[in-house]
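Scroll down for the structure; my scribbles are underneath it.
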Amino acid sequence: MVVHEDPVEFWALAGDFFRADPVRHTACIAVVEQCLRQPEPPAVECVTVHDGGQLVAAAVRTPPRGVNLSGVPAPWADVVAQAYAERGDLPGAGGPRENVEAFVLPWSVRTGASAYQSKELRLFRLDELTPPDVPGSARVAGEADFDLLVGWRARYAVQVGEADLHDEESAAAAIRHRAAAGYADLLWQHGDEPVSWAAVNPPVAGMSRVGPVYTPVEHRAHGYASAITAAASAWALDRGAEHVLLFTDLANRTTNTIYPALGYRPVADAVDFVFSPRRPTPLGR
């Protein structure tokens, strides 16, 4: 078991492992590729496990966020939990349910932390795109749209509970990092006014993923989110993506209705868990 802080070193070892199934590992691939495309790649906290000379498990973490476990089969979850327990606090974990649940128990035993499921997600893959008939048109955001994107990114973070991106400084950094990695930000415009936004990554291992998708409250219920999602999906297809993907929160009935109408079909479910550190026992107890 090895902990890697250099994303270049980690990806040289684990890149082929993840690229062998770009649909299952969409989140890990996108995160590491985004790191690698920065002028100065940030430090990561990733883990690889070998058995008999073969790579059998790999976990991806970009602090301060939690760890993604799509590459950690249940039999190797305990080893990976040990690696992270030795590193200190971990805010959470995400990935396929069976992988995450196999990790949560040994993590909690080793650290004394409590864990609870914060979100259930569903991964969708585009079958055949069916764009909706919605007034307006899509365009790629430009430099003049930067402040708008920052504000919407921060509001989206509040909406979905991404605590590390609530403030505009962090949201601005996220927008810049994604742009440096080749992501496109598309805006749906009705008249002279942008009314919805979607981001999409360029194809990696034949895979592109749409998200975030955000429509301000005052512009909802007009089909704009469907329209901009379709436009972002078309952008990915035009650049050669074989697998166009997106995640939905299963608690959000709206998104789980509109995306199938665009031609997306469910392929897998995932979960996010949040960890709470053990509280110290007061003296005298």
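So here's what we get for this one:
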{"item": "Only listed residue being crowded, with 21+ Cβ neighbours inside 10 Å, outside the structural domain of Asp192 (by the TED database), farther than 26 Å from Val244 by Cβ and touching a residue at least 40 places away in the same chain (Cβ under 8 Å), chosen from Val100, Val80", "result": "Val80"}
{"item": "Some residue of the range 204-211 being in a loop (DSSP other than H, G, I, E, B), surrounded by 18 or more Cβ atoms within 10 Å (Cβ to Cβ) and of a type in the set (A, V, I, L, M)", "result": "yes"}
{"item": "Residue list for the range 242-265, filter: hydrophobic (A, V, I, L, M, F, W, C), more than 20 Å from Pro203 (Cα to Cα) and outside any helix (DSSP H, G or I)", "result": "Leu250, Ala251"}
{"item": "Test: Ile228 is in contact (Cβ under 8 Å) with a residue 12 or more places away in the chain and either crowded, with 21+ Cβ neighbours inside 10 Å or touching a strand residue (DSSP E or B) at 6+ places or on another chain (Cβ under 8 Å) (or both)", "result": "yes"}
{"item": "Residue list for the range 129-165, filter: outside any helix (DSSP H, G or I), more than 23 Å from the chain's Cα centre (by Cα) and not polar (S, T, N, Q)", "result": "Pro131, Pro132, Asp133, Val134, Pro135, Gly136, Ala138, Arg139, Gly142"}
{"item": "The range 113-128, residues that are in a strand (DSSP E or B) and either acidic (Asp, Glu) or within 23 Å of Pro202 (Cβ to Cβ) (or both)", "result": "Glu120, Leu121, Leu123, Phe124, Arg125, Leu126"}
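The values are calculated or read from the model by the stated rules, or taken from the named source; none is laboratory data. In this text, all values refer to a predicted model and were calculated from it rather than measured experimentally. Here the Cβ is made from the backbone with ideal geometry for all residues, glycine too, and neighbour counts use every protein chain on show.
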